[in-house]
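Trainee: Handing you a structure now.
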Amino acid sequence: MAKSDKPKLSAKEIKERAESHPMAVPFLWLGTAKVQRNFIFVPLFGMILFSVLGYVYPLHHPAPWDTFGFSYTVIGFVSYSFVVLAAWPLFKILSRPENYYGEDCDDDAKSDKKGDQ
Amino acid sequence: MIDFLTSFSPAFILIAAGVISAFMPSSRVRKVLLIASPALALVLINVIFYGQDANAFLGGKVSFAGIELTTMRIDILSIIWGYIFCLAGVLNGIFGLHEKCKITDTSALIYTGAGIGAVFAGDLITLFMFWELLALSSVFIVWRGGPKSYPAGMRYLAMHILSGVLLLAGLIIYGRATGGYAFNNIGIDAPGGKLMLLAFGIKAGFPLLHNWIQDAYPRSSVTGTVILSVFTTKLAIYALMRGFAGTEILIYIGAVMTVFPVFFAVLENDLRKVLSYSLNNQLGFMVCGIGIGSQLALNGVAAHVVVDILFKGLLFMSMGAVLHRVGTTKASELGGLFRSMPYTTLFCLVGAAAISAVPFFGGFVSKSMIIAAVFEEHHWVVFLMLLFASAGVLEHSGIKVPYFAFFAHDSGKRVKEAPWNMLAAMGIAAFLCIYLAMPGPFGGMQYLYGLLPSEVAGAAAFNPYTGDHMVFQMQIIMAAMFAFTLLKRIGLYPPERRAQILDSDWVYRRLGLSLLQWGSAMWTRLGAVITYALRGMFGNISKRLYQVFSPAGAFSQDAPSGISAVLIAGMLAAALFIVYFL
């Protein structure tokens, strides 16, 4: 086999492309481990950018705590982290087996493909 | 013809279509009714309202038990709900085109009609009638979720009947005290006002009264949940806005409503249940705005109702499409679906951006109005709560739903893209989510503003697209996204696990039920003990009587005539005493 005829894609990639919707094929890179691992830099960059812009566009009507340009960055980060971290103890306190109420679990296909009733 | 059609509430067109649908064997005809009747109602609302010069059109008057009812009041407030309910009816009809179910079609039409009828109710009695019809028609949609949804449907019905009873009691007290039943500003201090506030609060999902939403909505069918998400809660918001605007306690109730669902949503594994908590959270913003009661706040509430119906409907539709294709919406079993369902993924991301109030998406304009109104009133604690809730919205609806369904780890599920009708409904909703937030001469924000109550000058004055406002909004969004990626990377983001998360409905689903079962068992035992004791007591009495009166008893034996005379004299004395002195 000539060098130029070598397949550029791995068998796994070919299989993934074949199984995917044609419109999704150009975006399959979104599912790669590398992209998912490095996605953190997108919001990090955005956060830094908008924190700096907070000094360029200071609030016209600041709240009492708006003493620095990136106060809402702090509020967003702390609020989000608090919600997510609170889930650990809350799950321990509030979680029960799925059939706790004796009514089975919530979903599992409610098919709409039934005939006229 | 037009004169005839405009002589009664457009709601009756949908209800009549629902009745016809119940007897219509052809699914195609039912689908035509499902889409055409809300579209016709939309046209009629326009014809009626803009065919006259006044700010309010009062019509459809009927006399009931000596009371004149106004079944059609189309004014600057009710017309907003009328428009969006009709539009939602059309979108729901398109979304459910593939479903061949007479019960869903019929219930959806009557439910939509009841919602429209209630917002156009000019008096409390008409409101009550449509209020009850809304509950009765929607419970069949809940039950379409299958046998597992029956208990949830019963609880749903119980809560809504309770709401109706409270409304009825409140309106009777109010009507007797004021001499009229007109549905205008009621106020919490009016006679019966608290009862009606509670009735509206049940349907609006006030804290501790909210469980029916998370209980019933995720258990309905694919189409059913989308239909249910529109009308009941938004009607309650309308009723609160009409009757209790500026009631201070609503500010705090609304603030709590925005915050508490955030914690439950992050724990939930079922993404439709996550969206149900998210619904509660968005209702909180609206209730808070109603409590503030300023022009800007009320404008914000009206705008938020419009865009919330679109983006929340869009998110429920996207999860409905996932449930339709994959068979589950458990986050723990999904992931990587963007490979199979790219269009659904795109529409879900638009809905997520809209609910997260990303600039140039629906929620940004409306939520900004409400938050700005809270800011203007210097409710700093409430303002901070709303900011906290905004970060929470981003967590559950902005990130969790699209991430765990369409991205995250690849679940290996390869399914078909959603049916064309689902994509069409999602596409229209997604387009409107963007279009209505676009400023400028070609954007739809002007039309959204045009819908808002006209006497309110605040809408025109409020411009969300200022540099400082967009920067502060993006600071929150980017910081929350960074927190998500960071917590995920260092392993502090909790994994999605299958579990039943306890909420305050534990009080009646577990504690109440246990108490009832205990009481029933105790009653059974007590009954046995009482029966045994009574049997023993009556046994002794009959034994004694037998000993005295039986042929072998004491009275049957020969006795001296003197003793008999004394006994008879004693009995006569007792009889005389009773007759004269008692």
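The values are calculated or read from the model by the stated rules, or taken from the named source; none is laboratory data. Remember, it's a predicted structure, so these values are computed and weren't measured experimentally. Quick reminder, even Gly has a Cβ in these numbers, built from the backbone with ideal geometry, and neighbours come from all protein chains shown.
Trainee: When both residues are 6+ apart or on different chains and their Cβ atoms are under 8 Å apart, which pairs have a first residue that lies in the stretch A:76-104 and is within 7 Å of chain B (Cβ to nearest Cβ), and a second that is assigned to a helix (DSSP H, G or I) and among the acidic types (Asp, Glu)?
Mentor: A:TYR80/B:GLU395; A:VAL83/B:GLU395; A:VAL84/B:GLU395
Trainee: Further question on the same structure: Name the residues in the stretch B:50-70 that are assigned to a strand (DSSP E or B) and of a type in the set (Ser, Thr, Tyr), would you? Can you show your working first?
Mentor: Filtering the stretch B:50-70 down to residues assigned to a strand (DSSP E or B) leaves B:56-64, B:67-70.
Residues satisfying the conditions are B:SER63, B:THR70.
Trainee: Something else: Of the numbered conditions (1) in a strand (DSSP E or B); (2) of a type in the set (Gly, Ala, Ser); (3) modelled with pLDDT of 95 or more, B:ALA88 fails exactly one; give the number of that condition.
Mentor: (1)
Trainee: Looking at A:GLY54, A:GLY69, A:GLY76, which is the one that is crowded, with 20+ Cβ neighbours inside 10 Å and outside any helix (DSSP H, G or I)?
Mentor: Values: A:GLY54 fails: outside any helix (DSSP H, G or I); A:GLY76 fails: outside any helix (DSSP H, G or I).
Just a single option satisfies the conditions, and that option is A:GLY69.
Trainee: In the stretch B:417-435, is there at least one residue being out of contact with any His (no Cβ under 7 Å at 6 or more places or on another chain), assigned by TED's automatic domain parsing to the domain that holds B:PHE347 and in a loop (DSSP other than H, G, I, E, B)?
Mentor: Within the stretch B:417-435 (the criterion being out of contact with any His (no Cβ under 7 Å at 6 or more places or on another chain), assigned by TED's automatic domain parsing to the domain that holds B:PHE347 and in a loop (DSSP other than H, G, I, E, B)), the answer is no, since none of the residues qualifies.
Trainee: Sticking with this one: Go through the residues of the stretch B:198-207 one by one and say whether even a single one is closer than 20 Å to B:TRP143 by Cα and within 14 Å of chain A (Cβ to nearest Cβ).
Mentor: The answer is no; no qualifying residue exists.
Trainee: With (1) within 8 Å of chain B (Cβ to nearest Cβ); (2) at pLDDT below 85; (3) over 25 Å from the mean Cα position of the chain (by Cα) as the list, and A:TRP65 as the residue in question, which single condition is left unmet?
Mentor: Exception for A:TRP65: condition (1).
Residue-by-condition table, conditions (1) surrounded by fewer than 24 Cβ atoms within 10 Å (Cβ to Cβ); (2) under 21 Å from the mean Cα position of the chain (by Cα); (3) within 23 Å of B:LEU451 (Cβ to Cβ):
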site: B:ALA321; (1), (2), (3): no, no, no
site: B:VAL326; (1), (2), (3): yes, no, no
site: B:CYS348; (1), (2), (3): no, no, no
site: B:ALA353; (1), (2), (3): no, no, yes
site: B:ALA357; (1), (2), (3): no, no, yes
site: B:PHE360; (1), (2), (3): yes, no, yes
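Trainee: Right, next: What do you reckon, is B:MET522 in the same structural domain as B:ALA373 (by TED's automatic domain parsing) and either of a type outside the set (Val, Ile, Thr) or surrounded by 13 or more Cβ atoms within 10 Å (Cβ to Cβ) (or both)?
Mentor: No.
Trainee: Give the residues of the stretch B:470-521 that are under 22 Å from B:TYR156 (Cβ atoms), assigned to a loop (DSSP other than H, G, I, E, B) and of a type outside the set (Gly, Ala, Ser), sorted by residue number.
Mentor: Within the stretch B:470-521, B:LEU502, B:ASP503, B:ASP505 qualify.
Trainee: Filter the stretch B:475-509 for residues that are at the interface with another protein chain (Cβ under 7 Å from one of its Cβ atoms) and of a type outside the set (A, V, I, L, M, F, W, C) and give the result.
Mentor: Result: B:GLN475, B:THR485, B:ARG489, B:TYR493, B:PRO494, B:ARG498, B:GLN500, B:ARG509.
Trainee: Looking at B:PRO453, B:PRO419, which one is touching a residue at least 40 places away in the same chain (Cβ under 8 Å) and within 14 Å of chain A (Cβ to nearest Cβ)?
Mentor: Details: B:PRO453 fails: within 14 Å of chain A (Cβ to nearest Cβ).
Unique residue meeting the criteria: B:PRO419.
Trainee: Does the stretch B:14-42 hold any residues that are of a type in the set (S, T, N, Q), over 20 Å from B:VAL119 (Cβ atoms) and surrounded by 15 or more Cβ atoms within 10 Å (Cβ to Cβ), and which are they?
Mentor: B:SER21, B:SER27
Trainee: Farther than 30 Å from B:GLY351 by Cβ and surrounded by fewer than 24 Cβ atoms within 10 Å (Cβ to Cβ): is that true of B:ASN184 in this structure?
Mentor: Taking the combined requirement at face value, the residue satisfies it.
Trainee: Is it the case, given these coordinates, that B:SER390 is out of contact with any Asp or Glu (no Cβ under 6 Å at 6 or more places or on another chain), at the interface with chain A (Cβ under 10 Å from one of its Cβ atoms), of a type in the set (Ser, Thr, Tyr) and farther than 30 Å from A:ALA18 by Cβ?
Mentor: Answer is yes for this residue.
Trainee: To continue, here is another question. Just checking, how many residues over the stretch B:111-141 are of a type in the set (A, V, I, L, M, F, W, C), more than 16 Å from the chain's Cα centre (by Cα) and assigned to a helix (DSSP H, G or I)?
Mentor: Qualifying residue count, the stretch B:111-141: 3.
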